[in-house]
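A quick write-up on the structure given underneath.
Every read-out reported here was derived from the displayed coordinates using simple, explicitly stated rules and does not represent laboratory data. If you're wondering where the values come from, they're calculated on a predicted model, not measured in any experiment. Note that each Cβ is placed from the backbone with ideal geometry, even for glycine, and that neighbours are counted across all protein chains shown.
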Amino acid sequence: MALFEVAGGVHPKDHKELSAYRAILGVPLPAELCLPMHQHIGMAAKPLVQVGDLVSKGQLIGLCAKGCLEGGGSNTAITAPVHASTSGRITGIEMQRAPHPSGLSEIMVMLEPDGADVWGELPAPLDPKTSSFAELVARIQQSGIVGLGGAMFPTAAKLETRTRYDLHSLIINGAECEPYLTNDDRLMREQAPKIVDGISILQHILNVPEVIIAIEDRREQAAEAMRAAIGLREGMKVVLVPTRYPMGSEKHLIKALTGQEVPAGSLPSALGMIVNNVGTAHAIHKAVRYGQPLVSRIVTVSGGAINNPGNFEVLLGTKIGHLVELCGGFSQTPEQMLIGGPMMGVPFSDLEVPVTKGTTGILALTKTEVKPGIHRPCIRCGACIPACPCGLQPQDLFVLVSNEKIEPALEAGLADCILCGACAYVCPSHIPLVQFYHYGKGQALLMRQEVARAKRLKRLADERLLRAEEKARQKKAKQEARKQAIAARKKAQEAQEAQEGEGKA
Ligand code: SF4
Ligand code: SF4
C-alpha cells in the first residue's frame, strides 16, 4: 500500500533496545493498590465501596452517576468505571497525589490484596456475531476500557460515533513512536491472536469493510506476528509506516495512510475513520470473550538509570516504586523520571504514585539522556519549523505565549499543536517549548471558560430582566382590569340607582 507524505517529524534515538527483547512478565502482588477514580478523559467515577469492604477481583468499585451501564446507546457518558484490580479489603478512601501534570490530589481507593487474586462473578461471555451493537458497546463501557495508547478516551464513547457518522475504516495504531516504549511491540509479538480477535470485534461493532494495522517499519517481528494472526481474514492488513516521531499520533497516522487531514477541532470519524490502539483491542478481546473488565495493562519500565529494564503486565493501582524494585532498583540517581515517553511524558518524583490506565511507560533517565534544564534565548535559527508535523511556526508560538498573547497565539495555530515535542527536541537553545504550549492552551481554556461564564451570567441577567418586565406587565394588566371592574361596577350601580329613581317617580 502506497503511503502519503507527512510533513515534519524528527528521528530521536529510540533506546528501544533497552527493553524490546524483554518478554512481558507478571508482577507479584504489591502490599497495597491505590486506585484513582479518575483514570480517563471525562467525568471522574465516585467510590461505590466503603472502608472495610471485602471486594473480589473485577468488582465494580467506582462509577460516575451519569455513566450509562444499561445497553450503550447515544446517552453513553464520557466516563469510565473503575474495578478492583485484585481481591482484598478496602483500607482507605482518600485524596492523594495523582500521576498527572497538575500534581493535584484526587480520590483514590486503597486496596489491601488478600493474596488469592481470584476473579469474582463476571458477566457472561458475548458472541460478537449474535450480540447487538448496543450490547457490545455496553460491555466495553461496563468494562472500563479506555484508549490504552495513553489518550485514555473512553472507548465506548468513541465507538458510538458509528451512530452519527458513515464509517468505512478502522485504523489500529501499533506505531509506538515514543522512544524507549516497547509495550505495544511486545504485546503484538506475544499476544497477536488475541489482539486480532479484539480487532475483529471492533470491525464487527463498527461495521467497516477495511482495517489497517499500522506498525513502524523497524518492528518486523511484531508485524510478522500480526500478519500470521490475521491469516485469511478479509479486509484486514498490516501496513508498515516510517519510523519517525510523531508517526503514532492519530492525525499523522491518518495522513500517512490515507492522505487525508483531520480538520482542527474535528474527529477522524468525520472522515469515516476510527483509530484504536493495539492494547485497547486486546482489552476488548478480554471483556467480550471472558467478561473481564480492565484491571491491568502492559507497562515498559526503562531508562539508563534502571538496573533491569523490562515490560510488565501490571495491575492498575500498583505503585511505581514497586515496579522500580522489581527492576532491581536504580543503577544511579535518576536525573529525571517520567510517566510515558521522553517526548510527551509527564515528569514525576514520587514513587508512591500508581500505574493507571494511561501509563504506557515509566522512565528513569540519566543526566546524559536528559536535555540540560537551563535553556538559552531563542536565536531564531528556525530549526523547529521543519520539525513541526502540524506545519506551525513553533518559535512564533513561543514568543506569543511567553508574552501572554494568547489570542494571537490561537490565531497562529496554538489549538492545532498536538504537544508532540518535536520542536523542543531539535531546539539548540533547549527551550522547553511544550511547557509554554501547555501553559498557553491552559490559558486559552480559562479564557473560553471565562467567556462562557460571562455569557451565562448575561443570559441569566437577560432572563431576570425579562421576568421582571413580564411581572410588571402582568401587575399593570391586573391593575387595569381591577380599575375597569370598579368602573363597570360603579356604572352598573349608577344605572341601577337611576332605574330605581325612575320607578319611585
Ligand atoms: S509541540 Fe506543537 S509546535 Fe512543537 S512540533 Fe509538536 S505540534 Fe509543532
Ligand atoms: S529551534 Fe529554538 S532557538 Fe531555533 S527558532 Fe526554534 S525556538 Fe528559536
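Ranking Pro193, Pro268, Met43 by how far each Cα lies toward the positive end of the dipole of the stretch 30-294 (charges on Cβ) leaves Pro268 at the top.
The order of His430, His15, going from fewest to most other C-beta atoms within 10 Å of their C-beta, is His430, His15. The separation of the stretch 142-174 from the stretch 1-51, counted between C-alpha centres, amounts to 16 Å. For the stretch 208-256, state what percent of all Cα-Cα pairs lands in each successive 10 Å bin, counting from 0 Å until the bin that includes the largest distance. In order of increasing distance, the bins hold 25, 51, 24, 0 percent.
Scalar couplings 3J(HN,Hα) for the stretch 414-425, obtained by applying the Karplus form with A = 6.51, B = -1.76, C = 1.60 to θ = phi - 60°, are 3, 5, 7, 5, 9, 6, 6, x, 4, 5, 5, 4 Hz; x denotes Gly and Pro. Amide H to amide H distances under 5 Å link Gly62 with Leu48, Val82, where only residues 5 or more positions off or on other chains count and H is placed in the peptide plane. Between the stretch 380-421 and the stretch 213-289, what is the C-alpha centre distance in whole Å? Centre-to-centre distance over Cα atoms comes out at 28 Å.
Ranking Ala485, Cys381, Leu466 by Cα position along the charge dipole of the stretch 375-505, where only Lys, Arg, Asp and Glu carry charges on their C-beta atoms, puts Ala485 farthest toward the positive end. If you take the alpha carbon atoms of the stretch 375-505 and fit the smallest convex hull around them, that volume is 112 Å³ per residue. Each residue of the stretch 200-214 was assigned a 3J(HN,Hα) from its phi angle through the Karplus curve 6.51 cos²θ - 1.76 cosθ + 1.60 (θ = phi - 60°); the sequence is 4, 5, 4, 4, 5, 4, 7, 6, 10, x, 10, 10, 10, 9, 8 Hz, with glycine and proline shown as x.
Taking Rh as the Kirkwood radius computed over C-alpha pairs, what is the Stokes-Einstein D of the chain at 20 °C in a medium of viscosity 1.002 mPa s, expressed in µm² per second?
Values: Rh = 25.4 Å.
Answer, rounded: 84 µm²/s.
Note that the stretch 362-369 has calculated 3J(HN,Hα) couplings of 10, 10, 10, 9, 8, 4, 6, 8 Hz, one per residue in order, obtained from phi through the Karplus relation 6.51 cos²θ - 1.76 cosθ + 1.60 (θ = phi - 60°); glycine and proline are x. Restricting the calculation to Cα atoms, every distinct pair contributes to the Kirkwood radius of the stretch 310-404, found to be 16.0 Å.
Arrange Met95, Met337 by Cβ neighbour counts within 10 Å, fewest through most, would you?
Met95, Met337
Take 228-240, 139-151 and order them by the average number of nearby Cβ atoms within 10 Å per residue, most first; the result is 139-151, 228-240.
Please report Rg over Rh for the stretch 401-444, where both radii come from the alpha carbon positions and Rh follows the Kirkwood definition. So for the stretch 401-444, dividing Rg by the Kirkwood Rh gives 0.96. Past the 18 angstrom mark, what percentage of all C-alpha to C-alpha distances in the stretch 105-150 do you count? The answer is 58 percent, as a whole percent.
Let me have the 222 nm mean residue ellipticity of the chain computed from DSSP H runs of 4+ only, each contributing -39500 (n - 2.57), with the sum over all residues rounded to the nearest 500.
Numbers: 12 runs with 175 residues, N = 505.
That comes out to -11500 deg cm²/dmol.
Per the Kirkwood formula applied to alpha carbons, the stretch 30-294 shows a radius of gyration over Rh ratio, Rg over Rh, of 0.97. Amide H contacts for Gly248 (H built 1.01 Å from N in the peptide plane; partners 5 or more residues away or on another chain; cut-off under 5 Å): Cys177. Expressed to the nearest 5 percent, the antiparallel share of DSSP beta bridges inside the chain is 60 percent. Can you list residues whose amide H is under 5 Å from His15's amide H, if they're 5+ apart or on another chain and H is modeled 1.01 Å from N? So His15 has HN proximity to Tyr180.
For the residues Glu5, Glu160, what sequence is obtained by ranking on other C-beta atoms within 10 Å, fewest first? All intermediate terms of the calculation are to be shown ahead of the outcome.
On the way: Glu5 7, Glu160 22.
With the fewest neighbours first, Glu5, Glu160 line up as Glu5, Glu160.
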